[in-house]
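Structure record follows, encoded as structure tokens.
The values are calculated or read from the model by the stated rules, or taken from the named source; none is laboratory data. Quick caveat, the model's predicted, so the values are computed rather than measured. Here the Cβ is made from the backbone with ideal geometry for all residues, glycine too, and neighbour counts use every protein chain on show.
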Amino acid sequence: MPISPLPRRHSGPEAIRRLAALARDRLDLQRLLAETEVPEPRAVAPDSRTVQPRLRVAVARDAAFAFYYRENLTRLAAAGAELVDWSPLADGALPPGTRAVYLGGGYPEVHAARLAANAAARMAVRTFAEAGGVVYAECGGLMYLARTLRTLDGIAHPMCGVLPLAVRMRPTLAALGYVEVTLALGEGPALVARGHLFHHSELEAEAPPELATAYEVREARSLSRWREGYRVGQTLASYVHLHFASCPELPVRLLTLAGDVR
């Protein structure tokens, strides 16, 4: 029986059911489990530079924001973060005592209308950022921080407006690949971290020249370089998904910034 391709990158429950059926019908799962050793996740010891007292970090976790490297969260916790889940789709305010916000990747374009309709959450993020709160955003998080997100139907949905950017979806892939980033963050020498790009959106226009950038990005295959990592106050947003294990100092710097904000 031929296997038809999945029609979209985020086909939802139907795609999951099809994949589960294929695995059940085509794979000897018991044999695979018997012959494969899966190591337990390695715990990360508390960093020697752990920020004290622990700082509350609101992590966007819902259907719109679901992609995080697990080790990023583990290393944030080891560096002194108290991680609290928060939903830009359903919640109207940030968790009490929030000192930093982490907006990861996901599919905000699929839920753009609901994100736009939750004006209270958008205003909470914008107010927090404008007051000097630390906001770290990757890919979908960058899209949420923009002024608008234009979906493929042509509708421009209002987002948080923290960044002076407008984002639009593309019907084809905009970027895919591994990158190395040299970044300036807080006090101390520049950091070097690795990560990846995978997104179907792009900026509707070039970023304004007055918008600061903290990243010099180098693409692993072509070795091309460009500036990115947009900075507004204590907000840092990028299309790059950084892996904190490649730069253990990064979560420490983020929490140090959050601890310095009063």
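Got a number for residues in segment 139-194 being more than 20 Å from residue 116 (Cβ to Cβ), part of a loop (DSSP other than H, G, I, E, B) and of a type outside the set (Gly, Ala, Ser)? Walk me through how you get there before you give the answer.
The initial filter retains those residues of segment 139-194 that are more than 20 Å from residue 116 (Cβ to Cβ), namely 171-194.
Next, from what is left, pick out any that are part of a loop (DSSP other than H, G, I, E, B): 171-174, 184-190.
Pick out the ones that are also of a type outside the set (Gly, Ala, Ser) and you get 171-173, 185, 187, 189.
Summing the residues that are more than 20 Å from residue 116 (Cβ to Cβ), part of a loop (DSSP other than H, G, I, E, B) and of a type outside the set (Gly, Ala, Ser) in segment 139-194 gives 6.
Conditions (1) farther than 25 Å from residue 260 by Cα; (2) without any contact (Cβ under 8 Å) to a residue 12 or more places away in the chain; (3) out of contact with any strand residue (DSSP E or B) (no Cβ under 8 Å at 6 or more places or on another chain); (4) surrounded by 15 or more Cβ atoms within 10 Å (Cβ to Cβ), marked per residue:
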residue	(1), (2), (3), (4)
113	yes, no, no, no
126	no, no, yes, yes
130	no, no, yes, no
145	no, no, no, yes
148	yes, no, no, yes
171	yes, no, yes, no
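Of all the numbered requirements in (1) in contact with a helix residue (DSSP H, G or I) (Cβ under 9 Å, 6 or more places away or on another chain); (2) under 23 Å from residue 148 (Cα atoms); (3) of a type outside the set (A, V, I, L, M, F, W, C); (4) surrounded by fewer than 19 Cβ atoms within 10 Å (Cβ to Cβ), residue 248 misses one, and that requirement is (2). Taken over segment 209-232, residues that are within 20 Å of residue 141 (Cβ to Cβ), surrounded by fewer than 15 Cβ atoms within 10 Å (Cβ to Cβ) and of a type outside the set (D, E, K, R) amount to 3. Among the residues of segment 103-138, which ones are under 22 Å from residue 183 (Cβ atoms) and part of a loop (DSSP other than H, G, I, E, B)? The answer is 104, 132, 133. If the condition is being among the aliphatic types (A, V, I, L, M) and in contact with a strand residue (DSSP E or B) (Cβ under 6 Å, 6 or more places away or on another chain), then segment 150-162 contributes 152, 156, 159, 162. Within segment 144-192, the set of residues being of a type in the set (S, T, N, Q), at pLDDT 90 or above and more than 17 Å from residue 244 (Cβ to Cβ) comprises 148, 151.
Regarding residue 216, is this residue on the phi < 0 side of the Ramachandran plot and either among the basic types (Lys, Arg) or under 17 Å from the mean Cα position of the chain (by Cα) (or both)?
Details: on the phi < 0 side of the Ramachandran plot: yes; either among the basic types (Lys, Arg) or under 17 Å from the mean Cα position of the chain (by Cα) (or both): no.
No; evaluated as a whole, the condition is false for this residue.
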